[in-house]
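Undergrad: Following this message is one structure expressed as structure tokens.
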Amino acid sequence: MLSKLQIAILKHLDEASPEEVAAKDFHQYGEPDACNKALIYLDGHGLIDGLIVETNDSPRTCLTAKITSEGQDAISEHGGYTAQKQTFTIRLEQDTIRELLLAKAAMAELPEPQRSKLKAAIANLPAEALKALTLDLLRKGVAQLPDALQLIGRACGLPF
């Protein structure tokens with residue numbers, strides 16, 4: 001998690017983008033040493049491009065910086081393209097979920113009249129109720145995580 005100082009630096013750089021900013025301009029947000037450490041950290045993680053120098057007489061020092069696209073994404077509410085690259089979406093249509101539930105109902109160990117009523121209820125379930133039921137089932141499935149881990153392990157060829 002980024003510190004307040006690091007966020008302030010990134011916001012300042014974002015406002016100045018695509019221009020470089022002198023490191024001394026960040027001293028308004030904190031002590032010079034703290035700002036330098038924050039800049040070196042941000043550079044090391046690819047959130048800024050810093051001009052960093054090091055001599056025998058002095059420690060690493062950032063002279064100028066400009067924000068990278070990763071830095072802009074880091075301060076973006078939605079995470080930008082960086083978050084999009086790290087996210088995948090699984091899309092199940094209502095009909096697919098309904099078919100899964102109907103298949104489970106068909107295998108239920110219930111008397112035929114009850115099984116038929118259950119299947120009819122599933123078939124006629126409104127979209128919002130189906131969505132709520134799907135979320136409940138997902139939560140219950142995750143609650144059975146030890147079984148899920150064994151299934152995943154077997155699918156990956158691991159001796160679980």
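Undergrad: Mind checking whether some residue in segment 70-88 is more than 21 Å from the chain's Cα centre (by Cα) and not basic (Lys, Arg)?
TA: The first filter runs over segment 70-88 and keeps only residues more than 21 Å from the chain's Cα centre (by Cα), leaving none.
There is no residue in segment 70-88 that is more than 21 Å from the chain's Cα centre (by Cα) and not basic (Lys, Arg).
Undergrad: Which residues, taken from segment 38-64, are in contact with a helix residue (DSSP H, G or I) (Cβ under 9 Å, 6 or more places away or on another chain), modelled with pLDDT of 95 or more and of a type in the set (D, E, K, R)?
TA: If the condition is that a residue be in contact with a helix residue (DSSP H, G or I) (Cβ under 9 Å, 6 or more places away or on another chain), modelled with pLDDT of 95 or more and of a type in the set (D, E, K, R), then Asp49 is the only one that fits.
Undergrad: Please determine whether any residue of segment 65-75 is at pLDDT 90 or above, closer than 30 Å to Met1 by Cβ and of a type in the set (Lys, Arg).
TA: yes
Undergrad: Cβ-Cβ below 8 Å, separation at least six or inter-chain, first residue in segment 12-24 and more than 15 Å from Leu51 (Cα to Cα), second modelled with pLDDT of 95 or more and part of a helix (DSSP H, G or I): which pairs?
TA: His12/Asp25; His12/Phe26
Undergrad: Which of the residues spanning segment 99-146 are among the basic types (Lys, Arg) and surrounded by 10 or more Cβ atoms within 10 Å (Cβ to Cβ)? Break it down stepwise before answering.
TA: As a first pass, look at segment 99-146 and keep what is among the basic types (Lys, Arg): 104, 115, 117, 119, 131, 139-140.
Within segment 99-146, Lys104, Arg115, Lys117, Lys119, Lys131 qualify.
Undergrad: Being within 9 Å of Ile9 (Cβ to Cβ) and in a loop (DSSP other than H, G, I, E, B) is the filter here; which residues of segment 48-73 pass it?
TA: Correct list: empty.
Undergrad: Filter segment 78-103 for residues that are at pLDDT below 90 and either of a type in the set (Lys, Arg) or part of a loop (DSSP other than H, G, I, E, B) (or both) and give the result.
TA: His78, Gly79, Lys85, Gln86, Thr87, Phe88, Thr89, Ile90, Arg91, Leu92, Glu93 - these are the residues of segment 78-103 that are at pLDDT below 90 and either of a type in the set (Lys, Arg) or part of a loop (DSSP other than H, G, I, E, B) (or both).
Undergrad: Within the group Ala8, Ala34, which residue is over 27 Å from the mean Cα position of the chain (by Cα) and assigned to a helix (DSSP H, G or I)? Give the steps one after another, and end with the answer.
TA: Details: Ala8 fails: over 27 Å from the mean Cα position of the chain (by Cα).
Criteria check complete, one pass: Ala34.
Undergrad: Sticking with this structure for a sec: Taking the conditions exactly as written (surrounded by 14 or more Cβ atoms within 10 Å (Cβ to Cβ), out of contact with any strand residue (DSSP E or B) (no Cβ under 6 Å at 6 or more places or on another chain) and of a type outside the set (D, E, K, R)), does Leu92 satisfy them or not? Talk me through it step by step, then tell me what you get.
TA: On the way: surrounded by 14 or more Cβ atoms within 10 Å (Cβ to Cβ): no; out of contact with any strand residue (DSSP E or B) (no Cβ under 6 Å at 6 or more places or on another chain): yes; of a type outside the set (D, E, K, R): yes.
No: the conditions fail for Leu92.
Undergrad: Turning to a different aspect of this structure: Quick one: count up the residues across segment 20-31 that are surrounded by fewer than 18 Cβ atoms within 10 Å (Cβ to Cβ) and not in a helix (DSSP H, G or I). Give the steps one after another, and end with the answer.
TA: Here is the first cut: in segment 20-31, the ones surrounded by fewer than 18 Cβ atoms within 10 Å (Cβ to Cβ) are 20, 22, 24-25, 27-29, 31.
Those still in the list that are not in a helix (DSSP H, G or I) too: 20, 22, 29, 31.
So the answer is 4.
The values are calculated or read from the model by the stated rules, or taken from the named source; none is laboratory data. Everything quoted here is computed from the prediction, not taken from an experiment. Because the Cβ atoms are built from the backbone with ideal geometry, glycine has one as well, and the counts that use them run over all protein chains shown.
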